[in-house]
Structure formats: C-alpha cells, structure tokens
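Participant: Just dropping this structure here.
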Amino acid sequence: MAGTRRYDQDERRNTDGSGPDGERSAHDAWAPYDAEGPYRSRAARLPGGSRDRNDSRGPGDPGPPYGRGREPAGIRYREEDCTPAPTRMRTWPDGRHWGEDGRGRGAWQRGRIVALCAVALGLLPVLHPLVPDARGLGSLLETLLPWLGLLVLPVLVCAWRRRSAFAVLALLVPVGAWGGMIGGAAFAFGADPQHSFGVVQHNIADDNPDPVGAVRALAASGPGLIALEEVTAGAAAKIDRELAAAYPHHAVRGTVGLWSRYPLSDVRPVDIKPEGITEPWQRALRATALTPRGFVAVYVVHLPSVRAAWPQGLKTGWRNEAARRLGEALAAETVDRVILLGDLNGSAEDRGLHPVASRFDDNGRGFGFSWPRSFPVVRLDHVMVRGGEIVRFETSATTGSDHVPVLARVKF
C-alpha cells in the first residue's frame, strides 16, 4: 500500500507511521523523504542537511534532521547504497582522459584495433608480397609503397583520440620500419664516383613539341650513354643530327634508341612483344658498348603501359608478359657487365617486374620519382646494373615529356 513504511523493529507500525500505541518515533520525521524505505543512501544525508547533486528532493525541502552517522537505531543500509559518489577524473579539453573509460578500461587496455593496424603497417615493407594481386591491387600497392608510410599519421591521430598508451607504443613498429626505409633512400649514396661514367634514361614522349631541345638538355651533363623511348621516325633523324658530334654511335630499333660516346657492336632487337598485340611493335634493343671499363651489354627497353579499367582494376597482363620475356633474354646474356635503361611502367618493388629486377645487383637506391612530371609520385624510369654498382642516382630538369629524366653514375 502506498505510504506504508516497514522497519527492522519488533513492533509493527500503522500505515500513518505511528506505533502500536499511536506514538511516532524520531526517525519517522524523515521517513517520507525515503522513497526506498530504510535503504537510504548515505550520500544523500550530508551534514547540515545539505544535498549532493544526485539528491532527488525538491527545492526548499529541508531533508532529514539527522547528519551522517546519527541515524536512528534499528535502520540498516545496503552496502552498495552507502558507496560514495565517484571522484571525477581530470579530463582533457575534448572530454577524454588517459584513465579508465566508461567500461572500466585503462590506457593500456583500449585501442587494441588501432595497435593492430599500426603493427600491420610496420610489417608492410617486408610482407607486401603476401598481399594478393586481385585486380592489380598488389602491383598498385608495391608501386606506391614509399608513400604508404604516410599512413602512420592517421594511425597516430586515432591512437591519441583513443587515449591508448598501448596503440602509441605499437606505433614504434611502423615508425622504425618506414623511418629506416625512407632514411636509407634519402642517404643511400656515398660511394666514390671515381672511375664511373654517366648514363641518362628518358621517355621523351612521342608528342614532345621540342625533342631536339630535350636531348640538348640531356647531353649538357656529358653522360656516356643516352637512352630514349617513344622516339618517332621524324624525331630520330633530328636527334641524330643534334647529337652527331658528341655521340657518333647510335642505334634505333622501333621506338627505342641509344646514343653513345663509345663504340657499339652486336646491336639487335629484343623480342618482348606480348602475344595479345597484333600490330607491329618493337620496343627493346640490345647493344655491346666498349666503355673505359671494358665491354658492357646495354639494354634499352619500354614495357607496355598499365591501364586502369572498371571493374577489372589495373590491367598489367601485357606488361608482366613482356617483363617475363625480357627476364629470359637477360638470363641468357653472356656478357658479365650489363646495364638496363628503360621505362618499365612500374617500380622495382612491383611483383610484375621481378623477372627483370631479380637479374640485377643494383637498381639505383633513392626515390628518383619520374612520373608524372607535374608531381612525380613513382619511379617508372630505371637504371639497373649487373656486375657493378650505381654510385649516384638523381632526376634532371623536366623536358616537354610527361616523364622526368633520370641520371646515374655507374661504376664497374
């Protein structure tokens, strides 16, 4: 019945709060304030009749006349109702803190998913070959591999927002992995360039409005070999006239050409044409150059382009097939010293180029991004060496092409 109060006493009281003889006890004076009977929270009965912020009494309500520790005898309290209100933790401006959250998890217990992402990002430079190449995803990831280190920043933001000490500690894995990779590329060259000679690799572009001006700029640094791709018949004649004095030896096969200060011999085309291409197509040559360090086999190559299509993804089939054919030709090469100059339409880490890259000892450490010209993000133009080393690798000033020229110093 509403208004009835029951107490832990031997006698039973009437519904109006009086005892068997009609008298009212002292504790009955504040019984109406107790909505839960005798189990009233201690936190609501503060000394002096003050109320805490959780007290449900209305304004002007004087509260019970008893302070803490002066409750009438015979009343018992539940332990959980006697627990004082939790102390508020010091918070950050966004309302989050490094202590326990609402689920009782501390800074070392929460943020495990963020920590897992951080560790996976740190293992990516080593385990990227395990990523499946569905629709060219693996090749795309490996081509853009140097830029994936920037993902450390959003992971760091997530770890900080979660106030997760565990995730922040896990970030040491990607920071160390990518820091070593980027640092190694930035400070890769320190070898003595003495007894080396220069080479230049450039996709000059078949729509270049000034091919003569482009090769004049390339020859200004005085390299021993200049390799060009996308050389049209009309441009080849103009380039030959421009370079005839300094580079008397040259060879052009299809759309690739080699201009050399050193005598060339055994010049022949290399068949890397994919089976799916039916029109005339010649984009690789091989020559033997008599350099100051002896005979060197020189390959000039332009692999098929990689195209994006929906929903097929990246179409890398022709490029990968041409790379396999080129790898077979390199495996059969009898000259010990080999240089490859070419536009391979992929990075050296791309699994599709493994048949080629695995045949060389050095592919030019450093970034050397060469495409696109407006904001280079990937190295498509390569210089690779077998039987020697590349002591310097850098990009040159842009020409009218969409590729940036690359220059290297080769030492045998």
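Participant: Fully extended, how many nm does the chain gain between residue 105 and residue 161 (0.36 nm per residue separation, minus their Cα-Cα distance)?
Facilitator: 18.7 nm
Participant: Tell me, how many Å apart are the Cα centres for the range 239-266 and for the range 272-343?
Facilitator: Between the Cα centres of the range 239-266 and the range 272-343 lies a distance of 19 Å.
Participant: Once you order the gyration tensor axes a ≥ b ≥ c over the Cα atoms, which shape class does the range 196-411 get: rounded for a/c under 1.5, otherwise prolate or oblate by comparing a/b with b/c?
Facilitator: Cα axes put the range 196-411 in the rounded bin.
Participant: Residue separation times 0.36 nm, minus the C-alpha to C-alpha distance between residue 236 and residue 116: what's the value?
Facilitator: Going from the current span to full extension adds 37.7 nm.
Bear in mind these aren't lab numbers, they're just calculated from the coordinates by the rules spelled out. As the structure is a prediction and not an experimental result, all values here were calculated from the model.
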